[in-house]
Structure formats: structure tokens, C-alpha cells
1. If amide H atoms are built 1.01 Å from N in the plane of the peptide, which residues on other chains or at least 5 residues away come under 5 Å of the amide H of L122?
2. List the residues, sorted by chain then number, that are 5 or more residues from V210 or on another chain and whose placed amide H is less than 5 Å from its amide H.
3. Subtracting the Cα-Cα distance from 0.36 nm times the residue separation, let me have the gained length for F261 to T211 in nm, one decimal.
4. Using 7 Å Cα-to-Cβ label points, what is the H193/I338 separation (nm, one decimal)?
5. Please list, short to long, the whole-number percent of alpha-carbon pairs of the stretch 110-215 in consecutive 5 angstrom bins beginning at zero.
6. Could you sort 175-188, 119-132, 44-57 so that the peptide with the highest average Cβ count within 10 Å comes first and the rest follow in order?
7. Compute the length gained on full extension between L40 and A141: take 0.36 nm times their separation in residues and subtract their Cα-Cα distance, giving the result in nm to one decimal.
8. Please report the net charge: other residues with Cβ closer than 13 Å to the Cβ of T363, K and R +1, D and E -1.
Amino acid sequence: MLFQQLYWIAMPQNLKAILKTDGSRFALGTGVLYAVLGLLWIIASDAAISSISTDPAWLVTAQRYKGFFYVGVTSVGLIFLVNAGYRRLWNALSRAEATELQIGDLFLQHPKPMWVYDRDTLEFIAVNDAATRYYGYSREAMLAMNLADICPEEDISRLHALMHSPQDRHRDIGVVRHCKRSGEVVFVHLTAHAVEFMQRKAEMVMAIDVTADILSKHALERQEAQFRQLHQSLASILWIASADGRTMLYVSPALERVYGFAPEAMQANPDLWLQVVHPDDAHIAKASSVELMTEGEASCEYRIRATSGEIKWVSDRKRLIVDAEGLVTMMGGILEDITAAKEHEALRARTHVELERLVTERTAELVRVNAELDAFARTIAHDLKAPLVSVIGFSQLLQNRHADTLKEDGVRLIARIGRSARQMASLVNDLLALSRVSKTVLVIEDIDLVPLAHEIIEELREQEPHRQVRFESPASLQVRADPGLVRPLLTNLLGNAWKFTGKRDDACVQLLLAGAAPEATFCVRDNGVGFDASSSELLFKPFQRFHTLSEFSGTGIGLTTCERIVARHHGRIWLESTVGEGTSVFVTLAPPAPDLPHLAPA
């Protein structure tokens, strides 16, 4: 019954009309033909009988057999016609059954969900296999449901409006939302065909899943909205124009903040951007347009005059937009207000010039002051050394000539005067050496520290021949440094190690390599008295000491001189020490590249 209904539904309306018309014509034609043939037979047979004989008996007998003959012939004709009609009807029924099966298979096996529903009650009357698979219900379950059961609750009012609206025989319902049995909400595009099914007004509907397309469309719309919102909030101006630049397709709202006129003004007059360029920079803007068309992209900076009359700087970056075949389809660019950056740059330039002037003035003043201090130091040193030499000489002469007449206390005082004078002379010499460190022009060479260290140790042994100090060093220790400054550096370091091991019988001084080129690090280590290294940085300041003069002699200038020498070589110097165990002084020399001039500071 379902297939018969579907067959009748699927049959074209013109074919149905043809079948009805042909049947009526066939019946009418058969009746007319029978009447015409009967009349002709009666007329012709009567004429033939009358021409043979007028005998009444003959006429009666002839009329009787004429009727039998007519009945026989017409019976045979009717049998033939009925048989032919029956055969045609049987063939038509066979073809109809085959077509009915095909239409049923087409409906049930169609890959798209299809169903027939009652237009009044919205109940499902028939559903195909694709519908049951798609929505997740069995056929029996779906046939017990109506359209509202697969529609989200918030869309039910729209469903009734769609299904009960004035309907054409064929209509495109459009995209609606449906709910699967799993709860998933999907978007389907519905097309409907009005039919009469099982004596009920119905519609056959086909559903096409467009969920992916709708979600993609929504995602694209969200992206477009976000893109539009982003560019509306940016301070930069985004613009897009046709390939020839004569039609402005889009201009972001930032145009009004920078230029002072609305985007619609730019779209109405694409040359407006060029008309507001500062006259002195017009050639820059025009050249960038030419470069865009020839090179495919361009960037420049120029000034504009806003509608408020304010002069602003803008950065103009633009390029051609091409398709997959390399044909230019559009052009676009970004205009950015760089006025603040330009003002900052100008201020920085003025500040730089002012700083250079101040540096030049301060440098000249420093050179003058340094020269005066150097002259003062030399003068003081000379003026101090002469009286000190006299004090030392006369105290020695007094001790040699009048030692017999002087009492023990006098000899002790004279000896103390001599020691103080010599200490003072040593301090003056150290101060002069410290001042010369900053004035020396560096001459960088490859130097082996080991021979130089042995010379210094031998000099120390000659000064104190009674001491037994073990000196250890590698066979060679190469550094790049100034020979004139390396000697006082090693002299101070080895002299301190020699001095602070004076109270040990097993004194040991070591020169070690503690690093590799290019920043060679060497170490001078001793096993002397040591000190608390937590404040070791104070030892590099002038006149700083961790031991009293009564414990160890010295001026407090030696390590300061070492620090200055190492700084001239762009190196580092640091100490590690433990009380009672000794001290290690590490030095890293990293002189400037040999091809650079090594000038003394001013």
C-alpha cells in the first residue's frame, strides 16, 4: 500500500491525466464503433436480403440467420477486444508493479533523509532508512513522532509558522534546526513537495545536512566581526582599494582621528589623501605611488595637514594584492600617525647635541684639571722628596758621627725618624707610579710572565736574603699586555705575597694559569696570614689596609695601582682569602684588539 501511494505520488501529473483521458476515449470509441458497425450491418444486410427474394418466409429465415451471424461475429470481435485489453491491462499492471518497487526503493534507499508528514497534525506518515540513521530513531519510533519532536523547543513557534504557511506544490522551506536522538543540534536544508497520501494532505520532505556550512559561515562572520572591531579600535588606518586605486573599498575609522575627515569622504574622493599632504612632501607621496605600481610595494614618511590645521607625520606602507595567477586584484596599506615619534626623535637629536656640547666642555675642563693635578702632584712630589732625602741623609749622618755621644734613646729616635722618612718617600713614589698608570700609552705585546716573575722574586730575595720562600710557576705563562705596566702589576702582587708570608717558615708563593685565551686569567697565591674576604673590594681603594704598620709595612697604594693597570687592559681583578691559610689574587687581562689605537685617556 505504501509503495502504491509512493508510486502515485511520484507519477507525473500530466501522465496521470493522459491515462484518465485515454481510458475514456477508448471506451467511447469502442461504443461508437460498435453502433456504427451495427447500423451499417442492418442496412446492408436488409438491402441484400430484399434483392435476393421478397418471399415472406425467405425474409423471416434470412433475418433470423442474419441476426445469428451478427451475434457470432460481434462476439468474436468482443472476445478479441476484451482479450487484447486484458493483456494490455496486465502488462500495464506488471510495469506499474515494477515501477512501484523502484519508487519504493528510491524512497527507502535514498542517501538523504526523507519523510512524508501530515500537514494538519505534523505527524510522520513515512520515513526512509537515511532519516532513521541520521536522527538515531527506529522507524517505528519516528512514525510515532511529529515534526515538533525533532525541533528545538525555542524553534517550535517558527516550525508551525513554516509548516502552516500558504504552500505551493513545490517549495524550498530553507534552513532549520533539528535535534537528533543523541541531543546534537544540527542544521538541515528542507525542500518539500505537496502530495495526497493515504487520503491525507501531506508533504514529502528531503533534508540535506548543512551543519558544517552553517558553522563555517558563523565562524567566518565572527572572524569578520572581530576583524572589523579590531581595526575600528586600532590607531592605525587600514585601507583597501581596487587594483587601479580609483575605488576605495574600505577605510578604517581611525582615518577621522588622524586626518579629521570621515572614511566616507575618502571613498567619495580617492585622491583626498594626496590633497592633504604637506606641499614640501608631496613629491615623496607621489613617488611612493609610482613605486607601488612598479615594485609591488612601497613605504615612506611624510607630513600632512589635518582638517584642524595641525601638521602631522604619517608612515605610509602599502602593497599590491595578487591572486594565485599573479594578477593584481586589489591594493591595500596602513597609515600610521608617527607625530609623537618624530617629536621624540627631534627632542632626542637636540638632547644629543646638547650632551655632546656638555661632554666637550666637561672633557676640556677635565683635561685642564687633570693637567693641573698632574703638575701639582709632580710639584708636591718634588718638593716633598727633597726634604725627605735631606732628613734621611742627615739622620743617617747624625747616627754615624755622633752615635757614641747619643744615648740609647737618642739612637732609637734617630732610627725612627729615618724609617718614617723612608716610608714617606715610598708613599710619594707609589703615588707618582699610580698617576703614571693613567698617563701611559698602551703598547700591547705577547709577554711571558714567568721570566719576569723570577726576576722580581730574585730581587725580593736579595732584599731579604735570610728568608726561605719557595716559588712555584709553570714553564711559561703567555699574556697580551703592556710590558711597562705588567712589571709593576707583578711587582705589587708578588711583593704582597712575599710580605704576608713573612711569619711562616714554610712560605710558598705561586704563579698559576687559571684560564685560557683570549682572556688569560692568572693567579698569584700565597700561604700567608690571609684576611676576611667579605670586604675584599675595600682593598682596591687607596690607603685601605687589613693589617697595621706594626704587623706589615706598606703604603696602601699597591692594590689600587694593580686595579688601575688591569682596568687599562679592560680586565678584572679579584681576591679570595682565608684567615691563616693565605690569599689568591686572580687577574684577567682582556686588552683591546691590536688594530685599535691604544691612546692614553685625556
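1. Those lying under 5 Å, H to H, from L122: there are none.
2. Residues meeting the amide H criterion: F187, V188, H189.
3. 13.7 nm
4. 6.7
5. 2, 12, 24, 29, 21, 9, 2, 0, 0
6. 119-132, 175-188, 44-57
7. Answer, rounded to one decimal: 29.6 nm.
8. With Lys, Arg at +1 and Asp, Glu at -1, the net is 0.
The values are calculated or read from the model by the stated rules, or taken from the named source; none is laboratory data. Source: prediction; values computed, not measured. Every residue, glycine among them, receives a Cβ derived from its backbone with ideal geometry; neighbour counts consider all protein chains shown. Only protein heavy atoms, including side chains, enter the accessible area calculation; ligands, DNA and RNA are left aside. Shrake-Rupley method; radii C 1.70, N 1.55, O 1.52, S 1.80 Å.
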